[in-house]
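Quick note: the coordinates plus some simple rules give every number you see, no bench work behind them. Model, not experiment: these values are computed from the prediction. FYI the Cβ positions are ideal-geometry reconstructions off the backbone, even for glycines, and counts take in every protein chain you see.
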Amino acid sequence: MKLPVPIKAATLLLACSASQSYAISEEFIDPEDGMLDASQFLSQHMLGFLPVPIIITEPATGNGLGVMGVFFHESEAQKQGKQTTGIIPENISVLGGAATENGSKFGGAGHMGFWRGDTIRYKGGIGYPDMNLDFYRIANVDLQNPIELNVSGPAILQKLTFRLGDSKWFAGFYQTYQHMETKLAEDINIDLLPDDELNEKVEAFLQNRLNISEDTSGLGLILEYDSRDNPMNPEAGYNYRARAVRFDDAIGSDLNYTQYQFTGLNYWKLSDTFNLGLRLDYQSVEAASGETLPPYALPGLRMRGVPAARYQNNQAFITEIEATYKLTPRWHLKGFGGAGFVADSWSNLTSDAEDVESYGTGFRYLIAKRYGFTMGVDVAWGPEESAYYIQAGSSW
C-alpha cells in the first residue's frame, strides 16, 4: 500500500521531527541494535496530535513548506500482540496544509483504515488545492509554450474495498467529487497585433476560454490483487489494481467521460541484501461526444524528475524499475530509472507517442522498524531539469 502524498510527507517528517526533538530519549533507541528508531514513540503516543513540517520539492510548483498533524491508531489486538515488526496501524489520519514559492497552496485531511483484520480497506480525503501550474495541452491542442493556470476548489475522494474470502483479492467502490475554478494564474498582456482593439479582443477571448467553473463527479469500481509482504516497505510480492470511474451529469458532473487506470507493482527479493521492483502504470480518459476535458482531468506522467502536468494527453503509460541494495538492515541505497509515454489514442500510444525518460538515485533509513517504515531522499534527472524528493515508505 502506497501512502497518499500528504500522509507520506507528514509521516516522514513526523519521524524526522520526533528523532530531532527527543534524540537523547531512550524512546528513540532500538534496544536490539542501538540505532535510532521511532517505533516506540509512534506506538505509545498514537492519540496525541503531532504538528510536523513538510518540505515540498516539486519542480512544477517550486519549493515550499507546510505543517501537518498526523495520528497513528493501532487496534487493541495490535497493541497487546506479540508482533513487533511489519504492523500496519488500523487507522492513519492526517490534517494540514502547505504553500510554495509560486503561490500554490493546499489544505486538507485524509484517513486510511484497515478494518476487521484487514478484510476492509478504506481511503478517503478532502482537500482544497489552490495551485498554479504550467499546462502544455489546452482544449486538445499541444502548446509550444506553457500557459500558467490557477486551479482551485474543494475535492473529495473515497475508496472502499472488501477482501474476497481469504484470498489476496479485493473489490470495491471509488467515489470522487471536485468543484474546480480554472483561470489564468496572472493577467496577460497581448501585444501581438498592431491594433490595440484587436489585442484586447484576443485577450478577452483567452480569458473567456480559460476561465472555467466546473463540477466533476464520478463513481467507479475497483479490483485489486495484493500479495506484498509489507505494504509500507515491500520487498516481495505483487500489487495489481484496475479501476474504472464514470463521470456523468446523472451524479452531478458537468462533464461526461470515463477514466481508466491499471497499475502493476512487482517486487522481487533476489537476496538478503538486494531487491528489485518494477512499476507499470496505464491511464486513459474517454470523453463523451463533443466534450472537451479541462487540463486537470487529463492523465499525466507522475515520475521522479518530471514536473507535474508537463506531459499530458488522453493516454499515458509509465514503466519504471528500482533496485535496492541494503548496506545494513537500516541503511538502503536506491537506483531507479523509467520511461513515460503520452498520446491522444491507444494506437498512437503504441506507435507514435511522445516519450520521456528519467533516472536517479537515493537512500532510505529504516526509521520505524515496528511498521517497516523507511524514509530518505531521492535525486532524479529528467528531460528538462533535476529535482530531489523526500520519500517516505514505498516509492510507489
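Using each residue's phi in the stretch 267-273, evaluate 6.51 cos²θ - 1.76 cosθ + 1.60 at θ = phi - 60° and report the 3J(HN,Hα) Karplus result to the nearest Hz, with x for Gly and Pro.
10, 10, 8, 7, 7, 5, 10
Which whole-Hz ³J(HN,Hα) couplings does the stretch 282-290 yield from phi under the Karplus relation 6.51 cos²θ - 1.76 cosθ + 1.60, θ = phi - 60°, glycine and proline marked x?
10, 9, 8, 10, 10, 7, 5, 4, x
Sequence-distant or interchain residues sharing an amide H contact under 5 Å with Gly86, placed H: which?
So Gly86 has HN proximity to Tyr371, Gly372.
Specify the inter-centroid distance of the stretch 278-310 and the stretch 333-396, based on alpha-carbon positions, in whole Å.
Rounded to whole Å, the Cα centres lie 16 Å apart.
How do the peptides 387-394, 34-41 rank, highest first, by the average count of neighbouring beta carbon atoms within 10 Å per residue?
Averaged packing, sorted descending, gives the order 387-394, 34-41.
Can you list residues from other chains, or at least 5 along the same chain, whose modelled amide H is less than 5 Å from the amide H of Arg228?
Tyr238
Using each residue's phi in the stretch 162-171, evaluate 6.51 cos²θ - 1.76 cosθ + 1.60 at θ = phi - 60° and report the 3J(HN,Hα) Karplus result to the nearest Hz, with x for Gly and Pro.
10, 5, 8, x, 9, 7, 8, 8, 10, 9
Provide the net charge surrounding Gln261, with neighbours chosen by a C-beta distance below 9 Å and charges set as Lys +1, Arg +1, Asp -1, Glu -1.
Around Gln261, the surrounding residues sum to +1.
Around Asp272, with a cut-off of 15 angstrom between Cβ atoms, what is the net charge of the other residues, counting Lys and Arg +1 and Asp and Glu -1?
Residues near Asp272 contribute +1 overall.
Mind checking which aspartates and glutamates have their C-alpha under 18 Å from Lys123, skipping anything on the same chain fewer than 8 residues away?
Filter leaves Glu74, Glu90, Glu224, Asp226.
Which loop-located GluC sites (Glu not before Pro) does the stretch 222-315 contain, where loop means any DSSP state but H, G, I, E or B and the Cβ has at most 14 other Cβ atoms within 10 Å?
Working: sites: Glu224, Glu235, Glu286, Glu291; in loops: Glu235, Glu291.
Qualifying residues, ordered by number: Glu291.
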